[in-house]
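This report refers to the structure that appears directly beneath it.
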Amino acid sequence: CDLIWHVARDDEVTPIISFRRQCRDPFRLAEKKFLEYGVRHARQIVIQTEVQGNLLARHYGRRDAILIPNFHPVPEQPPRKSAPFKVIWVANFKKIKRPELFIELAARFGNEPGIRFIMAGAPVPDSNWQRELENRIRVLPNLQYLGHIAQSEVNRLLADSHVLVNTSEYEGLPNTFIQAWMREAVVLSLSVNPGGYLDRPGLGECAGTLERMAASLRELAGNPLLLDGYGKEASRFAREAFSRGNLNRLVDLIVSPETAHGGNSAMSGARA
């Protein structure tokens, strides 16, 4: 069977190094062993960022991965930004996504009525942790939790919002980053900086701490001209970097592997 593996998150190309974690979750360990078998035997591996390529080479000795960034259709409707200043968080309520940190961030703005916080994502079923988070959300008047919503609604919210916040511990190249940038929303990330994109002027920031993230939010909320300039630059960049052309490269890799392997130089040096 011809296998092409597309890396989703950075931890997929990082071994489980904690023996305690392995013992606590034997199913996770077995899953990881199967995945690592696939890493070593896949005919071709597709990565989303250079960081993933470096991890793949360091941990598994594979240096033949092809870099193809994600892709997203260009929005048909222009963004609609209006008051109040809206900050959105979109992810499932998994612990690796650290939703509790966004709740803490919203709590820091409890006395600032001009800023509204919105969370969207599937809850963890039958979870005391989920119930605890929802109880914390209910006491914050500036924070709304929408639960699981359709992708069309995610895109509508991003078009209305000014900033997307990410608090995940690990990611690959989140689709929500691309969706936000295309809709002129700035991305503020706590820890994740895929491909170093957040180092580029206008796209946002990898804050590192909640204190820095809160300060950046206040700066953006208080400077509409700066925010508008960032949004326009983010949209321009995303439409160039994450177009359907990336989809065509992936399709070519699947249906015409010889052409894909022979044409790496034509694909902007796509080999990691």
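What to note about this one:
- Flag for residue 93 being assigned to a loop (DSSP other than H, G, I, E, B) and within 16 Å of the chain's Cα centre (by Cα): yes
- Considering residues of the range 134-183 that are among the hydrophobic types (A, V, I, L, M, F, W, C) and open to solvent by 20 Å² or more (accessible area, probe 1.4 Å) only, the residue farthest from the chain's Cα centre (by Cα): 139
- Here 247, 227, 253 are screened, and the one residue that is surrounded by fewer than 21 Cβ atoms within 10 Å (Cβ to Cβ), closer than 22 Å to residue 68 by Cα and of a type in the set (A, V, I, L, M) is 247.
- Filtered residues of the range 153-188 (kept if among the small types (Gly, Ala, Ser) and either touching a Ser or Thr at 6+ places or on another chain (Cβ under 8 Å) or at pLDDT below 95 (or both)): 168, 172, 180, 185
- Residue count for the range 115-133, restricted to those that are surrounded by fewer than 16 Cβ atoms within 10 Å (Cβ to Cβ) and either more than 17 Å from residue 165 (Cα to Cα) or of a type in the set (Ser, Thr, Tyr) (or both): 8
- Residue match in the range 94-111 (condition: open to solvent by less than 20 Å² (accessible area, probe 1.4 Å), under 30 Å from residue 140 (Cα atoms), touching a Pro at 6+ places or on another chain (Cβ under 6 Å) and of a type in the set (A, V, I, L, M, F, W, C)): no
- Scanning the range 135-147 for residues being closer than 26 Å to residue 221 by Cα and assigned to a helix (DSSP H, G or I) gives a total of 3.
- Figure legend. Inter-residue proximity from the range 24-44: first residues farther than 17 Å from residue 14 by Cβ, second residues exposed (fewer than 10 other Cβ atoms within 10 Å of the Cβ), beta-carbon distance below 8 Å, spacing 6+ or different chains. Indicated pairs: 43/2.
The values are calculated or read from the model by the stated rules, or taken from the named source; none is laboratory data. What you see is a predicted model; the values in this text were computed from it and never measured. Positions of Cβ are generated from backbone atoms using ideal geometry, with glycine treated the same way; all protein chains shown enter the neighbour counts. These area figures cover heavy atoms from the full protein model, side chains too; ligands, DNA and RNA do not enter into them. Shrake-Rupley method; radii C 1.70, N 1.55, O 1.52, S 1.80 Å.
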